[in-house]
Each structure stands twice: as structure tokens, then as C-alpha cells.
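Following: one structure in C-alpha cells, then a few remarks.
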Amino acid sequence: MKTFDWDLSPPRSAPIGDHDVPEVSAHLRGKRVALLVCGGIAAMKTPLLARALRRRGAEVVAFCSDEALHYVGREALEWSTCQPLVTALTWRAEHLSDAKPFDCYLVAPATYNTIGKMAAGVADTVVTSALASALGRMQQGRTEVLVAPTMHGSMHHDVLVANCRSLAARGVRLVTPRDGVADYPEARKRLQRYPVEVANRGEETHGVAQVSYVVTRDGEQRVEGKPAIAAAIADLLERQGLADVPPNG
């Protein structure tokens with residue numbers, strides 16, 4: 001019987017630097033993305049998300065609330081973005097980003113608290129201050145704002161729905177939360193019985209979401225009919241499993 005599955009020979013190294021990522025597509029090439037990380041457990045996945053965005057050509061700068069740092073490390077985010085992490089506002093006015101504006105602001109994970117503050121216009125943290133500026137730029141046609149709600153299912157009620165509808169009416173795009181039921185084998189089999197099923201998940205969540213999906217024969221979901229930046233990032237979020245982690249607890 002073998003003691004090790006590995007024969008101890010050295011693995012081959014990738015022909016890129018430690019901080020580099022292989023580009024898998026040009027969807028976001030030349031785009032600057034502000035990754036706004038809130039204090040939910042899904043923050044643990046944001047370094048992977050940042051690198052995945054970079055694989056599609058984006059330059060990523062992370063803004064992180066104090067609560068988020070309970071779930072993700074500063075060094076992990078700086079390593080994955082190759083940029084200093086923004087955790088406080090200084091004389092540089094990082095939340096305004098006038099010198100190098102962002103093409104898209106991605107709030108992932110977006111907690112119940114942050115969604116409520118966005119809708120109410122509260123700007124009391126580095127993340128919500130950046131969002132206050134982002135909403136103004138969005139209404140001027142200078143950027144996009146994409147929100148990935150992440151919370152326990154019991155927190156999806158009329159207050160959340162009202163806040164999300166308010167944001168959507170202003171032009172904010174919301175990524176449809178992952179359907180926990182669809183993760184079960186029987187639900188996946190049901191989806192695969194249909195060659196192509198076009199579903200507007202907004203109807204299933206009382207108008208909260210604004211992203212339409214195509215469910216293909218193999219169960220893969222793709223974003224359709226959205227502007228290039230938002231569509232590429234929304235599709236990426238779905239693939240990374242960050243649209244809702246965990247779905248129900």
C-alpha cells in the first residue's frame with residue numbers, strides 16, 4: 001500500500017508571477033472595478049472574486065468595512081487585487097475617486113444593513129461613503145452600481161424588498177440570490193429536463209432582482225440582455241457562488 005498519493009516530485013510552476021492571473025476573457029479589459037466588501041460571512045470569498053475579475057481584465061480596488069475584516073484578511077485582499085485596501089478615508093478622498101474613476105461599483109457581499117443604508121442615503125462608513133458618491137456618478141451616467149445581496153432567508157421581507165425596489169428604481173442592478181433549493185440533486189434534474197428555460201428571477205423575488213438568466217441543458221446559468229460591465233460581473237458572481245452565501249443559514 002502506498003504511503004503517499006504524491007510521489008514528491010516538484011509540481012510544474014505556472015509561467016506567470018505570483019501576483020499575476022491568466023486572462024480567460026477580455027470582458028472587463030481596461031475597466032476599473034471598486035469591490036465594496038461588507039461584513040457578511042461571504043466576505044471570505046472576495047479574494048477569489050477579485051482574482052476572477054482580474055482574469056477578465058479588470059483592475060480591482062477593494063473597499064472594506066471594519067466588520068468585513070472579521071471574515072476576510074487585509075493581506076488576502078491586497079494580494080488578490082495588487083492594490084492597497086481602502087479601510088478608511090483620508091485627505092486623498094478615496095471615496096470620490098476623482099483622479100481614477102471607477103467604471104463599476106460592485107457590492108459583494110451586500111448585507112441587509114448596507115442595502116438599507118444605501119436606500120436611506122446613509123454614508124457613515126468607508127463603504128457607504130463610496131456608495132454615496134457612486135450613486136451620484138451612476139445618475140450622471142458615469143458608472144454602474146451592482147449589488148449582490150447576501151443574508152439569511154429570514155431577512156428577506158417587506159423592508160428589504162422596499163429598499164431593493166428603491167435602489168432598482170434609481171438604476172442600481174441587483175444580482176439574483178442563489179436559490180438554495182436548486183442546489184439539491186432533484187431540483188437540478190428538474191432544471192435539466194428543459195433544453196432552454198428563460199426565467200426572470202425578479203418575478204420570483206417580488207421584483208427585487210433585475211437580472212434575467214438562461215438555464216441551459218446542463219444547468220449552467222448565463223446573464224442575458226444587460227450592459228457589458230454589469231452582465232460580465234453578474235455572470236461571474238453566479239459562477240463564483242457569491243450571489244448568496246449561504247442561502248438559508
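The values are calculated or read from the model by the stated rules, or taken from the named source; none is laboratory data. Everything numeric here is computed off the predicted structure, so don't read it as measured data. Don't worry about glycine lacking a Cβ; one is built from the backbone with ideal geometry, like all the others, and counts go over all protein chains shown.
Figures for the structure shown
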item	result
Test for Gly40: is it surrounded by fewer than 21 Cβ atoms within 10 Å (Cβ to Cβ) and either closer than 26 Å to Thr150 by Cα or without any contact (Cβ under 8 Å) to a residue 40 or more places away in the chain (or both)	no
All helices (runs of 4 or more DSSP H) inside segment 67-144 with 2 or more residues being among the charged types (D, E, K, R), closer than 23 Å to Ala42 by Cα and modelled with pLDDT of 95 or more	74-81
Count - residues of segment 78-132 that are among the small types (Gly, Ala, Ser), touching a helix residue (DSSP H, G or I) at 6+ places or on another chain (Cβ under 7 Å) and in contact (Cβ under 8 Å) with a residue 40 or more places away in the chain	3
Residue within segment 1-19 that is in contact with a Leu (Cβ under 7 Å, 6 or more places away or on another chain), surrounded by 10 or more Cβ atoms within 10 Å (Cβ to Cβ), farther than 13 Å from Pro109 by Cβ and not β-branched (Val, Ile, Thr) present	no
Residue ID - farthest from Gly73 (Cα to Cα), chosen from residues in segment 20-37 that are aliphatic (A, V, I, L, M) and either in contact with a Gly (Cβ under 8 Å, 6 or more places away or on another chain) or buried (at least 17 other Cβ atoms within 10 Å of the Cβ) (or both)	Ala26
Selection status of Val24, under 17 Å from Leu106 (Cβ atoms) and of a type in the set (Val, Ile, Thr)	no
Qualifying residue in segment 62-77 (condition: over 30 Å from Asp158 (Cα atoms), touching a helix residue (DSSP H, G or I) at 6+ places or on another chain (Cβ under 9 Å) and surrounded by fewer than 18 Cβ atoms within 10 Å (Cβ to Cβ))	yes
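Conditions (1) among the aliphatic types (A, V, I, L, M); (2) closer than 19 Å to Leu35 by Cα; (3) surrounded by 14 or more Cβ atoms within 10 Å (Cβ to Cβ); (4) within 19 Å of the chain's Cα centre (by Cα), marked per residue:
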site: Met138; (1), (2), (3), (4): yes, yes, yes, yes
site: Thr143; (1), (2), (3), (4): no, yes, yes, yes
site: Leu146; (1), (2), (3), (4): yes, yes, yes, yes
site: Met151; (1), (2), (3), (4): yes, yes, yes, yes
site: Asn163; (1), (2), (3), (4): no, no, yes, yes
site: Arg173; (1), (2), (3), (4): no, yes, yes, yes
